[in-house]
Every structure is written in structure tokens, then in C-alpha cells.
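Novice: This is the structure I want to talk about, given as C-alpha cells.
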Amino acid sequence: MAKKQAVSFKLNGKEVDVVVEPRELLIHTLRERLQHTGPHIGCETSHCGACTVDMNGMSVKSCTVLTVQCDGAELLTIEGFAPGGELHALQEAFHLDHALQCGYCTPGMITRAYRLLKEIPNPTEEEIRYWMAGNLCRCTGYQNIVTAVQSAAKKLSAKAAA
Amino acid sequence: MPDDKLAREQKLEGMGASRKRKEDARFIRGQGSYVDDIKLPGMLFGAIVRSPYAHARIKSINKENALKVPGVVAVLTADDLKPVKLHWMPTLGGDVQAVLADKKVCFQYQEVAFVLAQDRYAAADGADAVEVEYEELPPIVDPRKAMAKDAPIIREDIADKDSVGHGPRTHPNHIFTWDAGDKDGTDAVFKSAAVTVREEILNPRVHPCPLETCGCVASFDKVRGQLTVYLTSQAPHLVRTVVAMLSGIPESKIRIIGGDIGGGFGNKVPVYPGYVAAIVASIVTGVPVKWIESRIDNISTTGFARDYHGVGELAADKDGRIKALRFTAIADHGAFNSHVSATKFPAGLFSICTGSYAIPKAYCRVDAVYTNKAPGGVAYRCSLRVTEAVYLIERMIDVLAQKLGIDKAEIRRRNFVKAEQFPYTTALGWTLDSGNYHVALEKVLKAVDYEGLRKEQAAKRAKGELMGIGISTFTEIVGAGPNKVCDILGISLFDSCDIRVNPTGSAIARLGTMSQGQGHATTYAQIIASELGLPSEEIQIEEGDTDKAPYGAGTWGSRSTPVGGAAAARAARKIKEKAKKIAAHLLEVGEGDLEWEVDRFRVKGNPSAFKTMKDIAMAAHTSNIPDGMEKGLDATEYYDPPNMTFPFGAYVCVVDIEKYTGETKVRRFYALDDCGTRINPMIIEGQIHGGLTEAFAVAMGQAIPFDESGNHLGNSLMDYFLPTAVETPKWETDFTVTPSPHHPIGAKGVAESPHVGGIPCFSNAIVDAFAHLGVTHMDMPHTSFRVWQQCKALGLNKR
């Protein structure tokens with residue numbers, strides 16, 4: 001077993017220190033050491049996106065990121081979306097537009113859509129479908145997810161303009 | 001005051017309302033409670049050592065190095081499970097299956113040893129360090145070769161058994177032969193028919209692949225003798241019974257908790273070796289044990305579907321009126337018959353293969369065999385073997401249309417069971433309870449301008465372009481099922497609902513079904529709200545914890561609404577009957593003087609004299625009730641459906657195929673579904689979107705290939721096709737409403753129809769694109785490569 005390493009990062013705005021084996025994956029650190037079970041494991045090969053988290057302003061699949069790569073990073077997971085209890089526009093839109101069924105892909109979907117709307121505040125349907133293609137959903141057929149991202153975009157733009 | 005009535009009705013958010021889902025609040029916050037989220041004190045993690053060979057003898061297993069791995073606690077093999085007689089387990093198909101391989105392995109990735117360690121990394125290290133010596137045996141991969149004279153015997157443990165639960169066996173690799181209908185009568189029609197068609201049609205081996213894999217956390221409390229298992233199960237009560245039979249622990253001391261399930265689609269019905277190994281490990285160690293499948297384990301070992309190698313034949317007159325149907329299939333069940341099926345239906349509901357058509361004579365037969373592949377199978381978003389059946393008839397009617405030069409919509413019109421013929425008993429014995437097929441088809445044809453599409457297609461064909469129009473007019477069979485004929489392991493397939501109304505008029509209802517994303521907590525509450533006149537918002541729904549919910553067969557085969565929903569309505573009606581007595585007492589009138597209105601009983605002719613259900617709920621808990629009446633306002637219903645329900649639909653798919661690359665663009669997909677009474681239109685539409693997407697996946701890309709040694713050639717998401725948002729088509733949905741006459745609220749079930757009806761619709765569209773060139777059938781999946789091969793075979797790809 002390789003020597004454990006100390007790693008520090010910011011998780012949803014809070015400083016976190018962990019001591020992990022070099023081989024430990026970020027998804028396991030989040031879920032098993034830090035009790036952040038929102039991101040899920042679906043494939044372990046970077047295909048399904050259930051484990052998507054935001055790292056330094058980029059979406060990453062946390063099942064293929066080593067925790068030791070996160071030293072000094074800023075991480076955002078689904079648990080950081082409603083600080084103070086008020087839902088993020090995306091969370092609200094996913095509910096109102098029936099963009100989830102079993103809920104397993106939802107944290108990754110919302111986290112990915114968050115990054116999309118940061119980069120492209122008013123995406124077209126084609127852009128949404130392209131940007132969300134790294135996140136698989138087996139239940140919804142994506143149609144309502146696209147709608148939800150669109151309505152969240154509208155709401156966020158209106159808020160930004162106000 | 002009619003306005004007041006409408007307002008009160010809307011306030012209930014009962015049946016027919018697109019009520020927002022109650023489940024969402026936790027999921028959008030990442031606060032779901034899936035099995036891998038469960039963490040118990042002292043919990044160990046299990047990893048499975050799997051066979052690299054499809055067929056081999058185990059010469060030795062050496063645990064020594066594995067036990068030296070830091071963190072590894074124990075390594076279990078079949079020999080360790082033998083003393084407690086848990087190295088084999090019964091299957092839902094009437095067979096037995098090795099929990100851990102006993103002397104030989106019969107499929108690649110079969111479970112050989114179970115390594116227990118302090119975390120999942122150590123468990124994986126330990127599994128890598130277990131040394132197993134094998135002696136390879138020749139495998140059987142092609143089910144059509146399984147019953148050859150010199151075929152190697154796969155199951156030595158049952159080689160001398162005449163039967164494995166479903167009638168006589170004629171070969172050591174034979175599982176059963178099942179048939180239905182009039183063979184001689186059908187053969188006679190075929191002999192004298194004006195036209196006959198025949199086609200070999202494959203439903204390849206696929207996997208439901210829910211986003212969450214299977215897993216469990218087993219926790220045995222040695223002091224109390226109690227076993228608690230958090231488990232990804234679509235049927236927690238059946239699992240509890242199987243575990244009781246297996247372990248000898250009294251069923252009352254076993255608690256199965258479903259929790260939140262990340263999709264099932266059939267994958268999570270059976271009991272898998274990993275569950276049993278984890279349970280045994282917890283019993284042995286006295287600490288909780290978690291086992292979670294990897295995606296590769298999931299696709300390779302648990303829950304494959306289909307693998308039906310069919311032959312379809314139709315006999316008809318010269319006008320295309322079908323006179324007889326003869327369908328046969330060789331079913332590849334893999335190495336153990338862990339096929340999920342009702343005892344009397346080893347080939348599931350395959351005999352629904354007469355579809356939506358009035359076919360006077362029919363015969364079908366399924367021969368199931370063992371091969372050196374993963375055991376199963378399960379019903380992937382369908383009732384058992386219904387996709388296979390519907391695929392055959394919906395493909396064959398197109399084949400017949402092409403042979404006779406009749407339009408593919410017209411041939412359906414000519415053969416539909418007519419609205420006035422319902423209830424209609426098919427030649428294979430099912431009584432279709434209701435339907436209105438002509439209306440559904442015409443509505444869809446009009447919506448897509450079918451005639452215009454055919455004209456466009458003719459013009460494109462003249463230019464050498466490929467455009468296909470697929471039609472599917474399917475009938476599903478869901479809601480297993482009538483207890484006289486439907487059981488699993490002897491337990492009837494009823495379902496249940498237990499409702500308790502509180503003094504202040506809120507209620508809790510518990511059911512024997514199990515949501516995996518279908519939104520039960522939302523929709524069941526709507527049924528009860530409409531029945532009882534209590535707001536759905538105040539009706540709590542619970543499922544999946546066997547200590548709390550009444551016994552039921554779970555959620556699969558679209559049985560939740562047909563069976564569980566019926567139980568909910570009937571339990572509510574029992575409460576309502578009692579409530580009426582209380583209301584009569586409170587209003588000092590006879591029961592006959594009362595009428596029900598939205599949320600209250602009122603005195604006929606005097607609407608200002610009434611008692612609301614809330615008033616009655618409170619009274620039921622006081623002494624102000626009729627003499628001799630028990631207190632409380634509770635009821636339980638165990639519902640035995642008198643018949644299956646038969647949802648149907650009419651779909652049209654339009655595709656454009658690029659002949660130089662074989663790429664297919666789904667230009668349009670229009671789906672009309674009739675699921676009877678609609679409880680929540682928003683959820684119905686969501687289910688249809690999802691079902692169509694899974695149909696798209698199966699038709700256009702999914703298959704689990706093997707090489708001749710029985711090696712998997714595609715068991716990660718690198719190879720196995722799950723459509724992304726980019727390739728998934730945009731769905732257009734529509735509906736008609738033909739209530740089920742025998743269901744308490746007229747509902748039929750919906751989630752599987754789009755999968756079952758969608759798959760042949762895609763295939764029919766693809767084949768239709770080539771129909772003018774004499775192509776009558778192309779096997780799924782219609783990947784670009786395979787479509788390109790068809791183009792190449794026809795010389796279409798030459799510039």
C-alpha cells in the first residue's frame with residue numbers, strides 16, 4: 001500500500017482536509033469520507049456522468065479523478081446548490097418540468113447543467129443536448145431535462161437582468 | 001354552489017391532475033437514499049472473484065495470498081457455504097443456481113469466491129489475489145446448438161433430472177418446451193392458405209442497465225437473530241420469502257428495505273448470488289456487509305433480457321386477412337434458469353403474440369435451453385416475454401403487407417379486433433378486456449399526414465434516397481396477475497394496500513409494490529385522494545420496507561397501477577363504506593339518504609346537511625359512532641385481479657437513412673398510447689418518453705455479443721449503447737382513453753408500452769426504407785454499420 005497523502009480542498013465553500021491513498025478516487029472520498037452521497041457511481045468509466053462535480057470551474061467525472069489531484073481545488077457538488085435552503089433555479093426547474101424519475105442521474109445532471117449555464121447563459125436546444133451528452137439518464141428520455149435547463153436559463157437570465 | 005365544488009375538487013389534486021412529484025424534493029438536493037449510500041458501523045465490503053472462462057472445472061482455489069492483503073478479513077467459497085447449505089439457491093424460474101461456483105463454472109464472470117474486507121479497495125485487492133486453477137471445457141454459445149447430440153453437458157448437477165419445474169426434458173441442456181394454441185388446426189390452415197410468409201427474427205441478448213447497479217447491505221444482529229437487508233429490489237417481499245426459505249431464519253425476523261432505487265427496468269427483480277453471499281457473510285461475521293456491483297459485473301452477470309431466436313409465420317387470404325399464426329422461438333436462458341416467470345408461464349406471456357389482430361387460428365411454442373452464458377432472463381421494461389411476442393407480430397404483419405403489396409396501415413385496419421368485438425378472446429386464450437384500435441391508428445395517421453409521407457417517400461425513392469415509415473399498432477399485456485393462474489414460487493401475484501386515516505383527516509397508505517422512479521408516492525396518493533375526498537398532499541405513501549408494508553409481489557410488468565393501484569382504490573372504498581355509516585349516524589339519516597360529493601356525504605335534496613371526510617375521520621376516533629362499530633378508519637385490501645389489463649397504442653416513426661454511411665436520422669416519432677384512465681398525465685408522458693428512449697436503445701444499438709469461447713465482447717458503457725441526449729429523438733405523444741372494464745378505476749398501466757411498441761416501430765421504419773428493394777427483414781440492432789452493410793449488399797453505397 002502506498003503512503004497516504006494529506007489533501008486539502010474547498011468543498012461547497014468549506015475547507016476540507018483528508019488523508020488518502022494516492023489511488024483513492026474523488027467520488028469515494030466525497031461519498032465515503034465526507035458523507036457527500038449526492039454524486040453517484042454509475043459506470044466507473046467516465047461515461048454516465050452520475051458522479052459529475054464541478055472542480056475549479058469545470059465539470060469533472062469524479063469517478064476518474066484522483067483525490068490527490070484535488071489539492072487546493074474548489075469543488076461544488078449538488079449538496080452546495082441550495083445554501084440557506086433556497087433552491088437553485090435548476091433544482092426548481094427539474095422539479096417543475098418533471099426532469100427526473102429515479103433521481104440517480106439528477107445530481108450529476110444538475111451539476112453539469114450549472115456549468116453549461118455558466119458558460120452559455122441562454123443555450124439552444126442543440127447546445128443543451130450536446131453539453132449534457134456526458135450525462136446519461138435511463139428514465140426520462142432527456143426531453144424534460146432539456147426543457148428544465150431552458151426554463152432555468154430563462155429564470156437566471158431574468159434574475160441577472162433585474 | 002358548483003364553483004365551490006370545482007375548487008374543492010381541484011384542491012384534492014386527485015386523479016387526472018398533473019400533480020408535481022413528491023419524490024423530487026430529496027433527489028434534487030442529492031438527499032436520496034440509495035443502497036450504496038447506506039453506511040453502518042463496522043460494515044465490511046464484499047468483492048466477488050469471477051470466472052474468466054465460460055465453461056471450466058475448478059481444480060483448486062487458493063486463498064492464502066488474498067488473506068495476506070491488508071484489510072482482507074475472509075474469503076468465502078462454495079466449500080465454506082456448504083455447511084450452512086447456502087452454496088446453491090432456488091431461482092424464480094424453478095431451477096437452482098450456484099451462489100458460489102461448486103466445482104465448475106458455467107458462464108464467464110460467474111461468481112467463484114467472495115472476499116470480505118474493510119473497504120472496497122482492500123476487497124478488490126483481495127479478489128485479485130485469490131488464485132483459482134481452472135480446466136477449460138468446451139462451451140455452448142449458440143442456443144441453436146445446445147441440444148445437439150454431442151453437445152457438452154452444461155449442468156452436471158441436474159443432468160439426470162427429467163424436469164426442472166416445467167415439464168419433461170429431452171436433453172441435458174434442455175430446460176422446457178412450452179406451447180399454446182391449436183397446432184393441428186393451425187397447420188391445416190397453413191396448408192390450404194392463399195398466402196404464407198415466414199421470417200427468422202432475433203431479439204438479441206440485451207441488458208436493462210439501470211443507472212444504479214444492483215447491490216445490498218446485509219446486517220445480521222446475532223443477539224436478536226434479526227436480519228436486515230437494504231437491497232435494490234423491485235420485489236422486496238418476494239426476496240424476503242426467498243431469504244427465509246434459504247436461511248431458515250423466521251420470515252418475521254427478516255426485514256428487506258428497498259430504499260430509493262436508481263432505476264430497475266427488470267434488472268432488480270431476481271435474487272442474485274451477490275445478495276446471498278453478502279447475507280451469508282453477515283450471518284457468519286455478525287457485522288454488516290455491503291456488496292455493490294460494478295457496471296461490468298452488472299452487464300455481464302445480472303439481469304440480461306431477451307435472447308429469443310424466433311421464427312414467425314403467417315397465413316392469410318389474398319386480401320391480407322390473417323387466417324393463422326405460427327410463432328416459435330428458441331430461448332437462451334444461460335447457465336441457470338433464473339428466468340423471472342410465473343410458475344405456469346415459463347415462456348412468460350409470449351402467447352400475447354396475436355397482437356391487436358383477430359386471428360382465428362394460432363400456435364406458439366418456445367424451447368428453452370441452457371448455454372454457457374449469464375443466467376436469466378428478466379423482462380426489460382416489459383411484461384415477461386411481451387417485447388419478444390409483440391416484436392414478432394408487428395414485424396410479421398409488415399412482412400405480409402410487403403408480400404401482398406398492401407399498405408402497412410391498411411393491412412392493420414383489415415386485421416384489427418374491432419371495437420364492438422371486446423371483450424375478445426384470442427386464439428391463444430387471452431381475453432382482451434377492451435380496445436379501440438381503429439380510432440387510435442386513424443388519429444395517428446392524420447396527425448403525421450401519413451398519405452403525405454408516403455408520397456414524399458415515393459418521390460425520394462425515385463431519386464435513390466432512403467426514407468422509411470414504420471408503424472406499430474401493439475397490444476400489451478400487463479398487471480400480473482389473476483391468482484388462479486399467476487404465482488411465483490407458489491405465491492399468488494396479488495398486491496396490497498393498507499390505508500390508515502388519522503383523526504385530523506390525513507392518511508398514510510402502504511403498498512406491496514416498489515417504486516424505482518415511477519412516482520408512486522405521487523400517483524397512489526391521487527387515487528386515494530379522489531376516492532376519499534382527502535387532499536393528496538396529506539396522504540403519505542410508503543413502500544419497500546417489508547416490516548411496514550403489507551405483502552405484495554412488487555413492481556415489474558407494469559403491475560403497480562393494475563394491481564397495486566386497484567388495491568389502493570378498493571382499500572379506500574372499504575373506508576368510504578364505513579365513513580358512510582358514520583355520516584348517516586352523525587346526520588341522523590339512513591345511509592340510503594346520503595350521496596357522495598367530492599369530499600363529503602350530504603343528505604339528498606338538502607346539500608347544506610353534510611359531513612366531510614375530515615369530519616368523519618375525527619368522529620371515527622370518538623364515541624360518536626354507531627353502536628357496536630369499531631373505532632378508527634383503516635382498511636387493507638389484497639387485490640386479486642380478475643384479468644390482465646391490455647394497454648395499446650399506435651406509433652409512427654419516420655427515418656431518413658444516409659446510404660453512404662448507414663447513419664439513420666429519426667425525423668419523427670409520434671406515439672399514441674391508451675392506458676385507460678389517466679391518473680397523472682405529466683407522469684404518464686414522462687414514462688412514455690423514457691420507454692421510447694429505451695426502445696430506441698434496443699432497436700438501434702443494444703446487443704451483448706459473445707465470441708465462440710463465450711467471452712463477453714462488450715460489457716462496459718464503452719461498448720454497450722445507452723443513448724445520450726444528442727442521439728435521442730424528440731418524442732411526440734398523444735392518447736386516447738379506453739378504460740379497463742374490470743379495473744376499479746379503469747386504469748391499465750403505461751410504462752412498458754412505449755418500450756414494447758417502440759422497438760418494432762423503429763425496426764419497421766428501417767426495413768421500410770429498403771422495402772422497395774425487396775428487403776423484408778433486418779435484425780436489430782440497426783447500428784450505422786449494420787445498416788451500411790445492408791446498403792452495401794444492395795449496391796446502394798456506390799457513388
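Bear in mind these aren't lab numbers, they're just calculated from the coordinates by the rules spelled out. The structure presented is a predicted model; accordingly, all values stated were derived computationally and were not measured. With ideal geometry, Cβ positions are generated from the backbone for all residues, glycine too; neighbour counts draw on all protein chains shown.
Novice: Using a cut-off of 16 Å between alpha-carbon atoms, which aspartates and glutamates can reach B:LYS222, once sequence neighbours fewer than 8 places away in the same chain are excluded?
Specialist: Result set, ordered by chain and number: B:GLU251.
Novice: Place a +1 charge on the Cβ of each Lys and Arg in the stretch A:5-80 and a -1 charge on the Cβ of each Asp and Glu, then give the dipole magnitude about the Cα centre in debye, rounded to the nearest 20.
Specialist: Dipole of the stretch A:5-80, to the nearest 20 debye: 120 debye.
Novice: Rounded to the nearest 500, what is chain B's calculated 222 nm mean residue ellipticity when only DSSP H runs of at least 4 contribute -39500 (n - 2.57) each, over all residues?
Specialist: One gets -8500 deg cm²/dmol as the mean residue ellipticity at 222 nm.
Novice: Do you know the relative contact order of chain B, to the nearest whole percent, from alpha carbon pairs under 8 angstrom that are 6+ apart?
Specialist: Here the relative contact order equals 15 percent.
Novice: Here's a follow-up. Cut-off under 20 Å on the C-alpha distance; same-chain residues fewer than 8 positions from B:LYS318 excluded. Which lysines are left, in chain and number order?
Specialist: B:LYS191, B:LYS361, B:LYS403, B:LYS408
Novice: Is the shape of the protein assembly as shown rounded, prolate or oblate, going by the alpha carbon gyration tensor and its root eigenvalues a ≥ b ≥ c, with a/c under 1.5 for rounded and a/b larger than b/c for prolate?
Specialist: In terms of gyration-tensor shape, rounded.
Novice: Could you tell me which of the pairs A:LYS3/A:LYS61; B:LYS103/B:LYS149; B:LYS82/B:LYS344; B:LYS63/B:LYS161 are separated by over 29 angstrom between their Cα atoms in the structure shown?
Specialist: Listed pairs above 29 Å: B:LYS82/B:LYS344; B:LYS63/B:LYS161.
Novice: Follow-up question, since we're still on this one. If you find the alpha carbon centre of the stretch B:549-565 and of the stretch B:53-97, how far apart are they in angstrom?
Specialist: Between the Cα centre of the stretch B:549-565 and that of the stretch B:53-97, the gap is 34 Å.
Novice: Looking at the square roots a ≥ b ≥ c of the eigenvalues of the Cα gyration tensor of the stretch A:83-161, which shape do they give, rounded for a/c under 1.5, prolate if a/b is larger than b/c, or oblate?
Specialist: In terms of gyration-tensor shape, oblate.
Novice: Under 5 Å between amide H atoms, partner at least 5 residues away or on a different chain: which partners does B:LEU44 have, H built in plane at 1.01 Å?
Specialist: Counting only residues 5 or more places away or on other chains, the set is B:VAL289, B:LYS290.
Novice: What is the sum of charges around B:ASP182, taking Lys and Arg as +1, Asp and Glu as -1, for the other residues whose C-beta is under 13 Å from the C-beta of B:ASP182?
Specialist: Local net charge: +2.
Novice: Follow-up question, since we're still on this one. Just going by the charge dipole of the stretch B:356-459, with Lys and Arg at +1 and Asp and Glu at -1 on Cβ, which of B:VAL439, B:ALA458, B:ILE359 is farthest out on the positive end?
Specialist: B:ILE359
Novice: Whole-Hz Karplus ³J(HN,Hα) for the stretch B:220-229, in order, using 6.51 cos²θ - 1.76 cosθ + 1.60 and θ = phi - 60°, x for Gly and Pro?
Specialist: 9, 9, 4, 5, 8, x, 10, 10, 10, 10
Novice: In debye to the nearest 20, how big a dipole does the stretch B:440-579 give about its Cα centre with +1 on each Lys and Arg Cβ and -1 on each Asp and Glu Cβ?
Specialist: It works out to roughly 480 debye.
Novice: Just want to confirm a number: the relative contact order over the stretch A:83-161, from Cα pairs under 8 angstrom separated by 6+ residues, in percent.
Specialist: Dividing the mean separation by the residue count of the stretch A:83-161 yields 47 percent.
Novice: Dipole magnitude of the protein assembly as shown about its Cα centre, charges +1 at Lys/Arg Cβ and -1 at Asp/Glu Cβ only, in debye to the nearest 20?
Specialist: 880 debye
Novice: Based solely on its DSSP helices, what 222 nm [θ] is calculated for chain A when runs of n ≥ 4 H residues each add -39,500 (n - 2.57) and the sum is averaged over all residues, nearest 500 deg cm²/dmol?
Specialist: -9000 deg cm²/dmol
Novice: In the stretch A:96-113, which residues have a backbone nitrogen under 18 Å from the label point lying 7 Å from A:LYS154's Cα in the Cα-to-Cβ direction?
Specialist: Hits in the stretch A:96-113 for A:LYS154 at 18 Å: A:96-100.
Novice: With θ taken as phi - 60° and the coefficients 6.51, -1.76 and 1.60, list the Karplus ³J(HN,Hα) couplings across the stretch B:583-589 in order, rounded to whole Hz; mark glycine and proline as x.
Specialist: 4, 4, 5, 5, 8, 6, 10
Novice: Then there's this: Set Lys and Arg Cβ to +1 and Asp and Glu Cβ to -1, take the dipole of the stretch A:83-161 about its Cα centre, and tell me which of A:HIS98, A:GLY108, A:ASN122 lies farthest positive.
Specialist: Going by the charge dipole, the pick is A:GLY108.
Novice: Please work out the C-alpha center-to-center distance from the stretch B:160-238 to the stretch B:742-781 and express it in whole Å.
Specialist: Value for the Cα centre distance between the two parts: 22 Å.
Novice: Continuing with the same structure: Among rounded, prolate and oblate, which fits the stretch A:29-76 when a ≥ b ≥ c are the square roots of the eigenvalues of its C-alpha gyration tensor, a/c under 1.5 means rounded, and a/b larger than b/c means prolate?
Specialist: Note, shape of the stretch A:29-76 comes out oblate.
Novice: Right, here's the next one. Please state the relative contact order of chain A as a whole percent: Cα pairs under 8 Å, 6+ residues apart?
Specialist: Computed value for chain A: 23 percent relative contact order.
Novice: Once the other residues with Cβ under 15 Å from the Cβ of A:GLY42 are scored (Lys, Arg +1; Asp, Glu -1), what is the net sum?
Specialist: Value of the local net charge: -1.
Novice: Name the residue from B:ALA409, B:GLY533, B:ALA507 whose Cα lies farthest towards the positive end of the charge dipole of chain B, charges +1 on Cβ of Lys and Arg and -1 on Cβ of Asp and Glu.
Specialist: B:ALA409
Novice: To the nearest 0.05, how large is the calculated FRET efficiency for B:ASP142 and B:LYS460 if R₀ is 56 Å and r is the Cβ-Cβ distance?
Specialist: Efficiency, from the Cβ-Cβ distance: 0.90.
Novice: Simple spin-label model, 7 Å along Cα-to-Cβ: B:SER163 to B:ASP707 in nm?
Specialist: 4.2 nm
Novice: Please work out the Cα center distance from the stretch B:498-514 to the stretch A:73-110, rounded to the nearest Å.
Specialist: Using only Cα atoms, the two centres lie 30 Å from each other.
Novice: In this model, which of A:LYS14/A:LYS118; B:LYS580/B:LYS614; B:LYS22/B:LYS748; B:LYS323/B:LYS443; B:LYS145/B:LYS373; B:LYS580/B:LYS604 are farther than 18 Å apart at the alpha-carbon?
Specialist: Where the Cα-Cα span goes over 18 Å, the pairs concerned are A:LYS14/A:LYS118; B:LYS22/B:LYS748; B:LYS323/B:LYS443.
Novice: Another question, if that's okay. If the cut-off is a Cα-Cα distance under 18 Å, which aspartates and glutamates reach B:LYS581, setting aside same-chain residues fewer than 8 apart in sequence?
Specialist: Within the straight-line cut-off, B:LYS581 pairs with B:GLU531, B:GLU591, B:ASP593, B:GLU595, B:GLU597, B:ASP599, B:ASP615, B:ASP627, B:GLU630, B:ASP634.
Novice: With a Förster radius of 35 Å, plug the Cβ-Cβ distance of B:VAL775 and B:VAL485 into 1/(1 + (r/R0)^6) and report the FRET value to the nearest 0.05.
Specialist: For B:VAL775 and B:VAL485, the calculated efficiency is 0.30.
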